[in-house]
Every structure is written in C-alpha cells, then in structure tokens.
Amino acid sequence: MKKLLIAAALAVAGCQTAPPDAPRASASLQPTKGSKAFGEVTFEQAGGKVRVVANVAGLAPGREHGFHIHEAGDCSSGDGMSAKGHFNPFGKPHGHFGGPERHAGDMPALKADKSGRAKLAIELDVITVSPGAASIVGRGLIVHKDPDDYRTQPTGNAGARVACGVIRRD
C-alpha cells in the first residue's frame, strides 16, 4: 500500500500544471484571402515554458503546414503579410523548434488529417506570456500553406499565409 501511495504521489507531481493564476493568452485564427483555414490557439505559462494548444481546420488534407509566431499583431492586409516576419527578439537564425539556434517564433508544423484538421499540444521554451523581451502577447500567429523546412533563412520556405491571428492576453 505504501508503494502504491508513493507511486501515485510521484505521478501527480510529474504532471506539471499551471496554477489558476498563470499568465494565459489566446489567438483566434481567421482565414486569409482565398483560404478556408481557421482555428483557436491557447498559450499558458508554466514556469519557464509555455504550453501551446492549437486546433485548426480548413487546411489542405494530409499535409503539413508551417506555424509561426510573427513580429506584429496585425492581420489587416488580407494576406497575413502585415504580421511581418518571424518573432525573433534575440537575433537568432531560423531553425527547428527544438534546437538551440532558432527564432523565438519557430514552432512545430501543424499536421492536417484527411479532413483538413490539425491539433497540436506542446511546451516551448524561449517564449513567454509574461511581460518581457520574449513575450508573445500582441504578436501575430500565422499558419502557412506549406511545411517549414527549418533551414531556409529567414522563413523556412513555408509559403503563403493561409490563416492569421493576434495573440491576446486572457
């Protein structure tokens, strides 16, 4: 019984959840001109990481789509270009979201299923919801038409912007 209680306590301790007052933000993705992509993305600060949960629909079925935080929280241009380039407060090269040399805005690709829906849940470092140089609040969020190659500078060759949203504090 004692071993069972210890195992249960360790399991609960291993589940890192943010406190109820943790900084949170969200973005509502709207389609760019000629696109049908839309969705919701939430961001929750948990210590030194931010948990990102995305639900996106209207994507090209069975394809990967680049997914990035962009510099400007502006989707007014209709094509997403008003969101400017990738969020990069530390002057790093574009790279894989898990590597040490990358833009703060580099995130994993969205992988659409056969119905054009994609879900993503990941914890990322470098970015914050809290105020500071790495804060994503007020930034743009872009879904691209093509997959990110994680090499081409400075964009990852991810193609046109099919959805745009502004990250706002909850």
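The values are calculated or read from the model by the stated rules, or taken from the named source; none is laboratory data. No experiment lies behind these values; they were computed from the predicted model shown. Note: ideal-geometry Cβ built from the backbone for every residue, glycine included; neighbour counts use all protein chains shown.
Residues being in a loop (DSSP other than H, G, I, E, B) and under 16 Å from VAL162 (Cα atoms): count how many of those fall in segment 73-106.
Of all residues in segment 73-106, those in a loop (DSSP other than H, G, I, E, B) come to 73-80, 84-85, 87-105.
Among the residues that remain, those that are also under 16 Å from VAL162 (Cα atoms) are: 73-80, 84-85.
The total comes to 10.
(1) closer than 16 Å to PRO31 by Cα; (2) in a loop (DSSP other than H, G, I, E, B): which one isn't true of ALA163, the others all being true?
(2)
Restricting to segment 40-55, what's the tally of residues that are touching a Lys or Arg at 6+ places or on another chain (Cβ under 8 Å) and either buried (at least 24 other Cβ atoms within 10 Å of the Cβ) or within 20 Å of HIS96 (Cβ to Cβ) (or both)?
Residues that pass the stated criteria total 2.
Return the residue satisfying two criteria in turn: it lies in segment 112-147 and is at pLDDT 95 or above and of a type in the set (D, E, K, R), and of such residues it is nearest to SER76 (Cα to Cα).
ARG139
Within the set of pairs 6+ apart or on separate chains, which have a first residue in segment 104-123 that is over 10 Å from PRO61 (Cβ atoms), a second that is assigned to a strand (DSSP E or B) and of a type in the set (Gly, Ala, Ser), and C-beta atoms under 6 Å apart?
Taking only residues 6 or more apart or on different chains, the pairs are LEU110/ALA118; LYS111/ALA118; LEU120/ALA54.
Can you pull out the residues in segment 41-72 that are among the small types (Gly, Ala, Ser) and part of a loop (DSSP other than H, G, I, E, B)?
Once the filter is applied, which keeps residues that are among the small types (Gly, Ala, Ser) and part of a loop (DSSP other than H, G, I, E, B), segment 41-72 yields GLY47, GLY48, GLY58, ALA60, GLY62, GLY66, ALA72.
So which of ALA158, ALA133 ends up being in a loop (DSSP other than H, G, I, E, B), buried (at least 24 other Cβ atoms within 10 Å of the Cβ) and among the hydrophobic types (A, V, I, L, M, F, W, C)?
It is ALA158.
Is there a residue in segment 108-121 that is loosely packed, with under 14 Cβ neighbours inside 10 Å, part of a loop (DSSP other than H, G, I, E, B) and touching a strand residue (DSSP E or B) at 6+ places or on another chain (Cβ under 6 Å)?
So far as segment 108-121 goes, no, none of its residues is loosely packed, with under 14 Cβ neighbours inside 10 Å, part of a loop (DSSP other than H, G, I, E, B) and touching a strand residue (DSSP E or B) at 6+ places or on another chain (Cβ under 6 Å).
Confirm whether VAL166 is closer than 29 Å to ALA22 by Cβ, hydrophobic (A, V, I, L, M, F, W, C) and in contact with a His (Cβ under 6 Å, 6 or more places away or on another chain).
No.
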